[in-house]
Every structure is written in structure tokens, then in C-alpha cells.
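Here is the structure we will look at.
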Amino acid sequence: MWVLRQMGHILILPTMVGVAEIVDFCDFLSPTPEEQAARDAAVHSVFDVIKYIWPACKPEVFKLFMVGLYLPTSDIDVMILESGIKNPQTGLYALFRVLSQRGIAKKIQVIAKASVPIIKFVEKKSGAAFDISFDVDNGPKAAEFIKEAVLKWPQLRPLCLILKVFLQQRDLNEVYSSGIGSYALLAMIVAMLQKV
């Protein structure tokens, strides 16, 4: 039972029982400094490969990662902007070749026929999973929307994390297999919060 101590008295707040447990669970899901450092190092390693292939491009991590709306097992979503690639599939296969040659990735999978073609892989040293796409037009706008939403609704983070765990446990979190992706989930939660 969750209680608050106030001036030597114990106050039991039944309405706070579920809230406190959710906040504790979200804290448990938050990465330790070591885990965050490993993910940051993995991002740096992958960005090095991307910049090797396309020196003028701008790789960006999708904002869910940047604002802490990810699970320990969540993929790191990267957008390669201003790559100059005319055909995303060509870029994905070029990235596949260099990742394979350098030996920094395993379980590499190119999903070229999706509405947004991506390459999925696991960075070997950290075990972090990546999804990389090219020149997604709405990427920067989506990032700004997420940043503003997290600031406006503090309850967004715990709701998002709890629902992401729920979906992941049921294998309903991958868009390419007809699941609900992080951005769609976030948009649904924001729509609900706007009505509250």
C-alpha cells in the first residue's frame, strides 16, 4: 500500500495507489547512466558508418529516444536527412554492405517494400537495435511535435511507456507486421489527453 508521511502522520491515499506504482515502474524502465552511455556509443558508431558513406548527410535520432520515451529493448530510430539518395532502397543496401564489411552489426534486415523503407539491425557491441530510414519528409516536424507534447503533458511519458510494454508483450509494436508504432501510439495518447 502506498502512503504519504506528513507531519508524523501516515496518510493513505487510495487514488494515488495506481499512480505511484506506475511512476515507480517508469523509473525502473529508465536507463541507468551506464545503459544510456552504451546506447549513446552505439549511436555514435552507427553515425560514423553513415557519415563514411554520405559525408554531407545529417543523421538524426528520432526524438522518442531523445526525450526518454523508449523501453530498454526499444529500437533506436535514425533518419538520414539530406543524403542525396534518389532511391531509398539503394541507400539501404549500401548501408547493409558497409555495416556487414565493418562487422559492427548483426541480424541485418532490409525492409525495402514498406511504405517507409528501413534497414533493421543490432549493433554488436551494445546489443542496441536500430531502424534506419532515409529522407523522411515529416521527420523534423514530428520531432518538434513530440518535444512540445512531452513538455505540455507530463503524464504522457508514463502512459506511453506502460502502453509500449503492453504492446511489446503481445508482439503488437512493429508497424511492418501490422502493429502500432511508437509515433502512432504517441499520437493516440496525445489525442486522448487533449480531450481530458
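The values are calculated or read from the model by the stated rules, or taken from the named source; none is laboratory data. On a predicted model such as this, the values are computed, not experimentally measured, just so you know. Positions of Cβ are backbone-derived with ideal geometry, glycine not excepted, and every protein chain shown enters the neighbour counts. Calculation scope for accessible area: heavy atoms of the full protein, side chains included, ligands and nucleic acids excluded. Shrake-Rupley method; radii C 1.70, N 1.55, O 1.52, S 1.80 Å.
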Under 19 Å Cα-Cα from K152, which lysines qualify once same-chain neighbours fewer than 8 residues away are excluded? K63, K141, K195
Using a Förster distance of 45 angstrom, determine the FRET efficiency expected from the C-beta separation of K195 and Q101, and round it to 0.05. 0.30
In nm, to one decimal, how far is the K147 label point from the K125 one, both placed 7 Å along Cα→Cβ? 2.8
Which value, in Å² rounded to 10, gives the accessible area of K51 with a 1.4 Å probe and all protein chains present? 80
On the accessible surface of segment 50-152, probed at 1.4 Å, how many percent belong to carbon and sulfur atoms? 55
What fraction, in whole percent, of alpha-carbon pairs in segment 29-194 exceed 25 Å separation? 31
May I ask for the angle, rounded to the nearest 10°, between helix 139-152 and the longest principal axis of the chain, with both axes built from Cα atoms and the value confined to 0 to 90°? 10
Could you work out how far helix 88-102 tilts from the main Cα principal axis of the chain, as a 0 to 90 degree angle to the nearest 10? 90
Given a 1.4 Å probe and heavy atoms of the protein chains only, how would you sort R170, R157, R39, largest accessible area at the top? R170, R157, R39
With the 8 Å Cα cutoff and a minimum separation of six or more residues, the chain has a relative contact order in percent of 17
Could you give the angle, 0 to 90 degrees to the nearest 10, between helix 182-195's Cα long axis and the longest principal axis of the Cα atoms of the chain? 40
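Can you give the accessible area per residue of segment 29-194, in Å², using a 1.4 Å probe?
Spelled out: the 1.4 Å probe surface of segment 29-194, per residue, equals 54 Å².
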